[in-house]
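Take a look at the structure below.
The values are calculated or read from the model by the stated rules, or taken from the named source; none is laboratory data. Keep in mind that this is a model prediction, so the values were computed, not measured. All Cβ positions, even for glycine, are placed from backbone atoms using ideal geometry, and neighbour counts span all protein chains on display. These accessible areas exclude ligands, DNA and RNA; they are computed on the full protein's heavy atoms, side chains included. Shrake-Rupley method; radii C 1.70, N 1.55, O 1.52, S 1.80 Å.
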Amino acid sequence: MAEAIYRGYIICKQPYQIFDEVVTFLIDDGCRFTCLSRGSRKITSKNARHLFVGSYVEFQIFQSRHENKLSRLKKVITVKPIDWNYEMLESFNVLNECANKLELKNQRLYKFYQKHLEMIFNQLFYDKILTLIILEQFIKLSGHTLEVNRCIKCNDNKIKTISFKDHGMLCNLCFDPRKDKYFDLTISKAFHYLFNQQYEKLNTNIQELDFMIKLLKIYIDDNIAVKLQSLNTY
């Protein structure tokens, strides 16, 4: 095994066997490293005090030469720590899961993570709105989007409702009540604001935001084939 030293964020940590963990790091070129961390679940482990999701660290690994075998973590040192209270935020957990599951391996992934982590740190919006922003960006980075400015079928700008089946808005003429689900104007407007990145206009009604998160979770599951475990309560 060859040794290598990198700096990056910890975006995922999972228990393995009794005392070990599988840790995923995201570095600045967008590459992810998933490593086996021996003994880091022990109280006496020196690495354990540095292995917190969201923290920016310097880590040294024994890099595996085989694709089907995990690299092994040798040493990790915290460069920029993170408050453990962030683990209580839905947006923080969604961000880390999205960064771990996005099919990207370039700087766009790193910038996505860094930008939205800063938004969470700075509390620019309510937690639910931050979750929606992250999901919207996850959808776009996965090569999908919702057309929210005109009818997806005829380009008319007189919108009646949003259709997740058709990936965008429907006008009065294109909406078919026999096969299309109707969402009221408040929800349709909210998705218009979200996908136009007019986040400050999003309603802070919790029930409405929860419903929007649920709809995007289903959309991601159906169209990107990614099940977001951090949203299992929806």
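Checked against the criterion of being basic (Lys, Arg) and over 25 Å from Leu124 (Cβ atoms), the candidates Lys214, Lys201, Lys189, Lys160 yield just one match: Lys160. Tyr9 satisfies every condition listed in (1) of a type in the set (Phe, Trp, Tyr); (2) farther than 30 Å from Leu209 by Cβ; (3) touching a Phe, Trp or Tyr at 6+ places or on another chain (Cβ under 6 Å) except (2).
This table checks each residue for (1) more than 22 Å from Asp28 (Cβ to Cβ); (2) open to solvent by less than 60 Å² (accessible area, probe 1.4 Å).
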{"position": "Asn68", "(1), (2)": "yes, no"}
{"position": "Thr78", "(1), (2)": "no, yes"}
{"position": "Asn96", "(1), (2)": "no, yes"}
{"position": "Glu103", "(1), (2)": "no, no"}
{"position": "Met119", "(1), (2)": "no, yes"}
{"position": "Tyr126", "(1), (2)": "yes, no"}
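For the stretch 152-168, a tally of residues being within 18 Å of Lys217 (Cα to Cα) and of a type outside the set (D, E, K, R) returns 5.
May I ask you to verify whether Ser64 is among the hydroxyl-bearing types (Ser, Thr, Tyr), in contact with a Cys (Cβ under 8 Å, 6 or more places away or on another chain) and more than 26 Å from Ile213 (Cβ to Cβ)?
Values: among the hydroxyl-bearing types (Ser, Thr, Tyr): yes; in contact with a Cys (Cβ under 8 Å, 6 or more places away or on another chain): no; more than 26 Å from Ile213 (Cβ to Cβ): yes.
Spelling it out, it is not the case that Ser64 is among the hydroxyl-bearing types (Ser, Thr, Tyr), in contact with a Cys (Cβ under 8 Å, 6 or more places away or on another chain) and more than 26 Å from Ile213 (Cβ to Cβ).
Restricting the stretch 176-188 to residues that are within 25 Å of Lys201 (Cβ to Cβ) and open to solvent by 30 Å² or more (accessible area, probe 1.4 Å), the residue that is nearest to the chain's Cα centre (by Cα) is Thr186. Would you confirm whether any residue within the stretch 149-156 is surrounded by 15 or more Cβ atoms within 10 Å (Cβ to Cβ) and assigned to a strand (DSSP E or B)? Yes, the conditions are met somewhere in the stretch 149-156. Count of the stretch 199-218 residues, restricted to those that are open to solvent by 50 Å² or more (accessible area, probe 1.4 Å), touching a residue at least 60 places away in the same chain (Cβ under 8 Å) and either within 23 Å of Asp166 (Cα to Cα) or in contact with a Lys or Arg (Cβ under 7 Å, 6 or more places away or on another chain) (or both), is 1.
If you scan the stretch 219-233, which residues turn out to be in a loop (DSSP other than H, G, I, E, B), open to solvent by 40 Å² or more (accessible area, probe 1.4 Å), at pLDDT 95 or above and more than 16 Å from Asn96 (Cβ to Cβ)? Selection gives Ala225 alone.
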